[in-house]
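The values are calculated or read from the model by the stated rules, or taken from the named source; none is laboratory data. Given the structure is predicted, the values throughout are model-derived calculations rather than measurements. Ideal geometry is used to build each Cβ from the backbone, glycine not excepted, and the neighbour counts take in all protein chains shown.
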Amino acid sequence: MTLLDVVLELVIVVTAMLATATLVLVGPKRIAAAIRGYRWRLEACLLSIAALVVVLALRLSTRDVVRRLERRVIGHNITDDLFALEEQLFGETPVAILQSLQTEALTTFFVFIYIYGYAFLLLFPIIAYFALEEMDELSTLLLAFTANYGIGLLCYVLFIAYGPRNFDPMLFEGLLYDAFPQSHSLTGQVNQNTNVFPSLHTSLSMTVFFVAWVTRDRYPLWVPLSGFLAISVALSTMYLGIHWFSDVAAGTVLALISVYIGVNYTVDGLVATGRQYLGQRFDVLGKPGGE
């Protein structure tokens, strides 16, 4: 199965999920209104979209630079520390405990959640919030996503960590590639095996759930559904041998920080604050004897 086949299958399945959820949770009236008013909606959240695009582009364009920085200059390998910490806290790592429960049905469920459910979870709220009368919720979500990627990229530079399946194949199984080997061609294009601490799968999924909770009056049914999917994604990363429990915990904390940023700040506000700070610094440095 080629990469194109995998991507096509992903698009078909996720599109069907999005169409169903949009009709049920958003409704035809809101969908029609969003289509009619798409221009002002895009303009209203343009800065948030631009910020997310810039961070994603930066992440993709600097992959080689980041890899060299983390492995040769800054990064500290914490894989042994994560393994030792979890054994000390739990006696046996949560990953090993989860994998000891494996069945064919459970593996199929978690593979589906990790690939298809995760994509749906991230995309649906964008559609749902775009259909609202105001774009505050969508701007909050996009800024929170931006914070996730920005802080996550910094953490990947500072910390080198390998997931359980790459740490010791004798102790932990790589169930994702065992059950769905064609997914390797997809994940290999967007990730590398040291992008582990924190788990961005967890942080982005929990971000969606936390924003759903904050905006629960908008789509009440989305709260339990997003919560179920977010928790399932977090569990899937451990069950499939991709992340440690520590990665999931750190990802949840990152989600909380990112949602706090998204709720309490705006892109133009952050830009204005940055300009003000830099202006003050340059003013101080420009004065005689200033430091």
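Confirm whether Thr140 is under 22 Å from Leu256 (Cβ atoms) and part of a helix (DSSP H, G or I). Even if it seems obvious, please write down each step before you answer.
Details: under 22 Å from Leu256 (Cβ atoms): yes; part of a helix (DSSP H, G or I): yes.
Yes, satisfied.
Could you check how many residues of segment 115-137 are more than 21 Å from Val55 (Cα to Cα) and outside any helix (DSSP H, G or I)?
Residues flagged as more than 21 Å from Val55 (Cα to Cα) and outside any helix (DSSP H, G or I) within segment 115-137 amount to 4.
So is Ile242 hydrophobic (A, V, I, L, M, F, W, C), under 15 Å from the mean Cα position of the chain (by Cα) and over 14 Å from Gly117 (Cα atoms) or not? Steps first, please.
Details: hydrophobic (A, V, I, L, M, F, W, C): yes; under 15 Å from the mean Cα position of the chain (by Cα): yes; over 14 Å from Gly117 (Cα atoms): yes.
Answer is yes for this residue.
Considering only segment 185-192, I want to know if a residue exists there that is modelled with pLDDT under 75, outside any helix (DSSP H, G or I) and out of contact with any Asp or Glu (no Cβ under 7 Å at 6 or more places or on another chain).
Step one: of segment 185-192, the residues modelled with pLDDT under 75 are 185-192.
Now narrow it down to the ones that are outside any helix (DSSP H, G or I): 191-192.
Among the residues that remain, those that are also out of contact with any Asp or Glu (no Cβ under 7 Å at 6 or more places or on another chain) are: 191-192.
So far as segment 185-192 goes, yes, one or more of its residues are modelled with pLDDT under 75, outside any helix (DSSP H, G or I) and out of contact with any Asp or Glu (no Cβ under 7 Å at 6 or more places or on another chain).
One line per residue, one yes/no per condition, for (1) assigned to a loop (DSSP other than H, G, I, E, B); (2) farther than 22 Å from Thr140 by Cβ; (3) modelled with pLDDT of 90 or more:
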{"position": "Met170", "(1), (2), (3)": "yes, yes, no"}
{"position": "Val196", "(1), (2), (3)": "yes, yes, no"}
{"position": "Met206", "(1), (2), (3)": "no, no, yes"}
{"position": "Leu229", "(1), (2), (3)": "no, no, yes"}
{"position": "His243", "(1), (2), (3)": "yes, yes, yes"}
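Among (1) within 30 Å of Ala179 (Cα to Cα); (2) modelled with pLDDT of 90 or more; (3) surrounded by 18 or more Cβ atoms within 10 Å (Cβ to Cβ); (4) not basic (Lys, Arg), which single condition is Thr20 missing?
Thr20 satisfies all of (1) within 30 Å of Ala179 (Cα to Cα); (2) modelled with pLDDT of 90 or more; (3) surrounded by 18 or more Cβ atoms within 10 Å (Cβ to Cβ); (4) not basic (Lys, Arg) except (3).
If you take the residues in segment 88-100 that are touching a residue at least 24 places away in the same chain (Cβ under 8 Å) and of a type in the set (A, V, I, L, M), which one is surrounded by the most Cβ atoms within 10 Å (Cβ to Cβ)?
Val95
For segment 143-168, give me the residue count where each residue is crowded, with 19+ Cβ neighbours inside 10 Å and part of a loop (DSSP other than H, G, I, E, B).
3
Give Leu153, Leu158 a once-over and let me know the one that is of a type outside the set (Lys, Arg), in contact with a Lys or Arg (Cβ under 6 Å, 6 or more places away or on another chain), on the phi < 0 side of the Ramachandran plot and at pLDDT 80 or above. Even if it seems obvious, please write down each step before you answer.
Values: Leu158 fails: in contact with a Lys or Arg (Cβ under 6 Å, 6 or more places away or on another chain).
Exactly one residue qualifies, and that residue is Leu153.
Would you confirm whether or not segment 3-19 contains a residue that is among the hydroxyl-bearing types (Ser, Thr, Tyr) and either in contact (Cβ under 8 Å) with a residue 12 or more places away in the chain or outside any helix (DSSP H, G or I) (or both)?
Taking segment 3-19 first, the residues among the hydroxyl-bearing types (Ser, Thr, Tyr) are 15.
Of the ones still in play, those that are also either in contact (Cβ under 8 Å) with a residue 12 or more places away in the chain or outside any helix (DSSP H, G or I) (or both) are none.
Checking segment 3-19: not a single residue is among the hydroxyl-bearing types (Ser, Thr, Tyr) and either in contact (Cβ under 8 Å) with a residue 12 or more places away in the chain or outside any helix (DSSP H, G or I) (or both).
Has segment 101-112 got any residue that is of a type in the set (Ser, Thr, Tyr), surrounded by 16 or more Cβ atoms within 10 Å (Cβ to Cβ) and either at pLDDT 90 or above or more than 18 Å from Phe245 (Cα to Cα) (or both)? Lay out the reasoning, then the answer.
Looking only at segment 101-112, we keep the residues that are of a type in the set (Ser, Thr, Tyr), and these are 103, 107-108.
Still in the running and surrounded by 16 or more Cβ atoms within 10 Å (Cβ to Cβ): 107.
In the following step, the residues that additionally are either at pLDDT 90 or above or more than 18 Å from Phe245 (Cα to Cα) (or both) were identified as 107.
For segment 101-112, residues of a type in the set (Ser, Thr, Tyr), surrounded by 16 or more Cβ atoms within 10 Å (Cβ to Cβ) and either at pLDDT 90 or above or more than 18 Å from Phe245 (Cα to Cα) (or both): present.
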